[in-house]
Amino acid sequence: MAVIRDIIPAFELYQPQSVDDALRLLDKFGADALVLAGGLDSMDWLKDRLKRPKAVVDLGQIKELHGIREANGGLEIGAMTPLTEVVKHPVVREKFSILMQAAELVASPQIRNQGTIGGNVSQDTRCWYYRGGWNCYRAGGNICYADTPTAINREHAIFDADRCVAVNPSDTAPALVALDAQMVIRGPKGERVVGAEEYWIGPGIDITKMNVLQPNELLTAIRIPGTMAGAQFYFEKVRDRQVWDFPLVNVAAAIKPNGSNIGEARLVVNAVAAIPRRLKNVETAIVGKPRNEETAKMAGDLAVQGAQVLRHNGYKVPLMRNLVKRAVRGSEGGAWTS
Amino acid sequence: MDLLKWGRSPWGEWVLTHVSWNLFWGSLFAGVLFLVAHASYMLFSAHRKRAAAETDALEASHKDLPVKIERHGLAARLFHWVMAAAMFVLLFTAFLPVVGVKFPWVQWHWIAGLVLTASIVFHIIHATFWLDFWSIWVGPKDIPEFKAELLREFGHDVPGPKSGKYPLGNRLYHLAIVVTGLAVVATGMFMLVRVRTPLFIRNPYLFRDSTWGVTYVTHGLAGVGLVGLVIAHVYFAVRPEKWWITKSMILGWITRRQYLEHHEPSRWPVGHGPSQAKPAGRV
């Protein structure tokens, strides 16, 4: 079981200066390497002594992974860009404010200064059985301790559980899916670009991973196309502690009006499944309808169809229903900015 | 190289959790190696089967036998092919993710497992009450046949007994499949209690961790064993000299000449009783 210690296990620290050097190290060490971005997720694992990598590859010195660049009407955000920088970037605030809202609701100001957008989208799940070192499915065992009759599973999944009921805890992930972002991945075979929707994977596909990254690959950048620039955005996050916590449920909506009706919509909810859950059935149902209370109620009801609750997370169903309802209605008060 | 995976239970005990996928690669390699070795051997083998003249003489003296002789009834054939389909789905859903083809496999796997289980239950009942139950089993009585077959493989012309309804290889393979199949089905049915299905209320605490570990490891061992066994089975099914057996599993019958060439009429008499070969077309 996890025991927080002051001294982390010994490892070789590498601080490559380029992506190519980092990839060579990852290729060399494979699964024995741990990639360090902001370190907020990684240091937990190391201090708990639940991960004992031979090598830690610190990406902090790689300049090409930092910064936000405008490209083709959209943005390309380096994976090592701190969340604070994302929040403060003028183009993000002007055209893609949903990402600003989401990033600003991540943890605390200190953590946002240190935490990177690549780390935020690639972080591991917060299931406390898994993080506590229990030998569950996700850790290579043969049981989900969170899905047992006596489990404490208040934060766990209500959709798409496949043996494991852990959820994705990222705030920026649903915003990026709503913006139809693309994830740029580099590995020994070169660069590949996957849509944000395909970046995260559920336990049915691979129960030990949260995303498609292979041990010898790096997320180098996130591209946000201009297609949803300036749309009507909505982001809301519900958490136990308002100043610093992971989401119980969050919702991201990007809606383009067509006259007085909804023309195009992308709705995404996170922390209800192992991947950000895009609500395509709701999107289809609301397109062409006015953005009013009736449409919002229908969207909320539709969004939670098929939910399967555990012993302690039944509250997530009305919570998600209401968040989707508010997102479609466009209620004031959900989002806030600094 | 690890062969088994261990984990620590919440109570600090080291318990088995899974087999290592190294065993899968081992079984796959062994199956392919056997295939290559046997195929190479068969290119140069001096295997002796009943001489054509002897078969001619037998055929002349058994003119009373029907031209087509039933080897597998419709129910037996349906069982075989349903079981084969279920087995392929089980193996592909279990091992494609291991080789890198990722997809949501669990639901397909347990549904195929239920089909396999149902087909095996059907087969046991059918074989017990409607077929000659013991004709597929091997025992001390088969030692003379084993010796004779071995000598024939090495080119000796021996007068020893031919097989009854099932060749010795069939019976040995059936024994291996019974052991691995029952192990995989029995453990799989318990493991089904751990996943979400509409059939049961999940009960992950049905056994203690160490017992679950043995269950998972047994399932894994039987599963990887089946990889090699299925490779061997498919290989023999498509071999030219065995094609008459495969064809009989499709059509249900063999010719009179095949019957006389490959079988011992005294051990598989045609004509009377449930254990005996019938003319094809009769029920």
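3J(HN,Hα) along segment B:16-30, derived from phi through the Karplus expression 6.51 cos²θ - 1.76 cosθ + 1.60 where θ = phi - 60°, amounts to 5, 10, 8, 8, 6, 5, 4, 5, 4, 5, x, 5, 4, 5, 4 Hz, with x in place of Gly and Pro. Between segment B:220-256 and segment B:1-29, the C-alpha centres lie 31 angstrom from each other. The antiparallel fraction among DSSP beta bridges confined to chain A stands at about 85%.
Taking square-rooted eigenvalues a ≥ b ≥ c of the alpha carbon gyration tensor, is segment A:114-167 rounded, prolate or oblate, where a/c under 1.5 means rounded and, failing that, a/b exceeding b/c means prolate? Prolate shape, in that a/c is at least 1.5 and a/b is the bigger ratio.
From the alpha carbon centroid of segment B:35-104 to that of segment A:193-212 is 42 Å. A simple spin-label model places the labels of residue A:61 and residue B:108 4.6 nm from each other, with each point 7 Å out along Cα-to-Cβ. A simple rule links phi to the HN-Hα coupling: the Karplus curve 6.51 cos²θ - 1.76 cosθ + 1.60 with θ = phi - 60°, which for segment B:148-154 gives 4, 5, 4, 5, 5, 4, 9 Hz, with x for Gly and Pro. Taking each of A:256/A:280; B:165/B:242; A:28/A:189; A:256/A:289; A:54/B:102; A:88/A:256 in turn, the alpha-carbon distance tops 20 angstrom for A:54/B:102; A:88/A:256.
Taking label positions 7 Å along the Cα-Cβ direction at both residue A:281 and residue B:133, the computed distance is 5.0 nm, reported to one decimal. So what is the 222 nm mean residue ellipticity for chain A from helices alone, if each DSSP H run of at least 4 adds -39500 (n - 2.57) and you divide by all residues, rounding to the nearest 500 deg cm²/dmol? Computed ellipticity for chain A at 222 nm equals -7500 deg cm²/dmol. Spin-label model, residue B:202/residue B:13: points 7 Å from Cα along the beta carbon direction are separated by 2.3 nm. Rounded, prolate or oblate: which fits chain A, taking a ≥ b ≥ c as square roots of the Cα gyration tensor eigenvalues, rounded meaning a/c under 1.5, else prolate when a/b beats b/c? Cα axes put chain A in the oblate bin. Mean residue ellipticity at 222 nm, helices only, chain B: -19000 deg cm²/dmol; runs of at least 4 DSSP H residues each add -39,500 (n - 2.57), and the sum is divided by the number of residues. When Rg and the Kirkwood Rh are both derived from Cα coordinates, the Rg/Rh ratio for the protein assembly as shown amounts to 1.10. Note on residue B:25/residue A:261: beta-carbon distance plugged into 1/(1 + (r/R0)^6) with R0 of 41 Å gives a FRET efficiency of 0.10. A straight line joining the Cα centroids of segment A:81-142 and segment A:271-286 runs 20 Å. With a 10 Å cut-off around each Cβ of A:142-148, the average count of Cβ atoms from other chains is 6.
Where a number appears in this text, it was derived from the coordinates with a stated rule and is not lab data. Predicted, not measured: the structure shown is a model, and the values here were computed from it. Quick reminder, even Gly has a Cβ in these numbers, built from the backbone with ideal geometry, and neighbours come from all protein chains shown.
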